[in-house]
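Down below is the structure, laid out as structure tokens.
We did not get these values from a lab; they are worked out from the coordinates using the rules stated. Keep in mind that this is a model prediction, so the values were computed, not measured. A quick note on method: Cβ atoms are made from the backbone with ideal geometry, for glycine too, and the neighbour counts reach across all protein chains shown.
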Amino acid sequence: MSIAQTILKEFEGQVPVTRKFLERIPEDRLNWKPHEKSMSAGQLAFHLAFVPGGVIQFVQNSPAPAPDFASFPQPATRREILDKFEESVATVRDLLSKMDDAKMQEIWRMVQGDKEVLAVPRSQFLRDIMLNHWYQHRGQFSVYLRILNVPVPASWGPSADEPPAFAQMGQSA
């Protein structure tokens, strides 16, 4: 199995889990923030939806300019978030499947102006940011759901609200 296929397999396993989280955001709480310095629930959900596709597009060029984290889009509806998620998933499936091991092992570079700020194998950046960063924000989003009194989906293991997927098999929805 190639490096890209390995990452894609892990990604595919996490897509339905993340979709469950995004489907649960209350439409009337998209502007809610747990703290004045925090992203709103809608901004965080949109970021969660955007990250995989945005990251895989970002690593297509090397060197790539460092992103500007000045603002995050504020979606108006849950549908906008879910549509962005489906677009993001399709982008990962398309672009990652075209990457061979040579491209994945190539040193990928990020610059800020004339200064190189990162130089790592492309596969490492994808693992760190497309996957690990994504999981970190999903965990953050689970806290938002809990505070909003929304049942938190199970991810790798159970949440306080539901058992893990393997234990749900055979149960009616």
To the nearest 500 deg cm²/dmol, what mean residue ellipticity at 222 nm is calculated for the chain from DSSP H runs of n ≥ 4 alone, each contributing -39,500 (n - 2.57), summed and divided by the residues?
-> -15500 deg cm²/dmol
So which of LYS84/LYS115; LYS9/LYS84; LYS37/LYS84; LYS33/LYS115; LYS9/LYS98 end up more than 26 Å apart, counting from Cα to Cα?
-> LYS84/LYS115; LYS33/LYS115
Spin-label zone in segment 95-113 - amide nitrogen under 14 Å from a point set 7 Å from the Cα of GLN124 along the C-beta vector = 104-110
Applied in sequence order to segment 100-117, the curve 6.51 cos²θ - 1.76 cosθ + 1.60 (Karplus, θ = phi - 60°) yields integer Hz couplings, x standing for Gly and Pro, of 8, 4, 4, 5, 5, 8, 4, 6, 9, 10, 10, 10, 10, x, 8, 9, 6, 10
Report the calculated FRET efficiency for THR77 and MET169 (r = Cβ-Cβ distance, R0 = 41 Å), to the nearest 0.05.
-> 0.80
Taking a quarter of the surface of the convex hull around the Cα atoms of the chain, what do you get in nm²?
-> 11.2
With the 8 Å Cα cutoff and a minimum separation of six or more residues, segment 47-119 has a relative contact order in percent of 44
Can you give me the relative contact order of the chain as a percent, contacts being Cα pairs under 8 Å and 6 or more apart?
-> 27
Cα centroids of segment 108-173 and segment 51-69: how far apart, whole angstrom?
-> 18
Write down the percent of antiparallel bridges among all DSSP beta bridges whose residues are both part of the chain, to the nearest 5.
-> 75
Report the extension gain between LEU148 and THR6 in nm, rounded to one decimal, defined as 0.36 nm multiplied by the number of residues separating them, less their alpha carbon distance.
-> 47.6 nm
With x for Gly and Pro, the residue-by-residue ³J(HN,Hα) of segment 31-39, computed from phi through the Karplus equation 6.51 cos²θ - 1.76 cosθ + 1.60 at θ = phi - 60° and given in whole Hz, is 8, 5, 10, x, 7, 4, 8, 7, 5
What residues qualify as long-range amide H neighbours of LEU118, i.e. H under 5 Å apart, gap of 5 or more or another chain, H built at 1.01 Å from N?
-> MET110
What ³J(HN,Hα) values, in whole Hz, does the Karplus curve 6.51 cos²θ - 1.76 cosθ + 1.60 give for segment 144-153 when θ = phi - 60°, with x put for Gly and Pro?
-> 4, 4, 4, 4, 7, 6, 9, x, 8, x
About the Cα centre of segment 50-173, how large is the charge dipole given +1 on each Lys and Arg Cβ and -1 on each Asp and Glu Cβ? Please answer in debye to the nearest 20.
-> 120
Any idea what diffusion coefficient segment 82-173 gets from Stokes-Einstein, in µm²/s, Kirkwood Rh on alpha carbon pairs, 25 °C, 0.890 mPa s?
-> 150
If we count every other residue with Cβ under 12 angstrom of LEU148's Cβ, Lys/Arg +1 and Asp/Glu -1, where does the sum land?
-> +2
When all Cα-Cα pair distances of segment 124-173 are considered, the percent exceeding 12 Å is 69
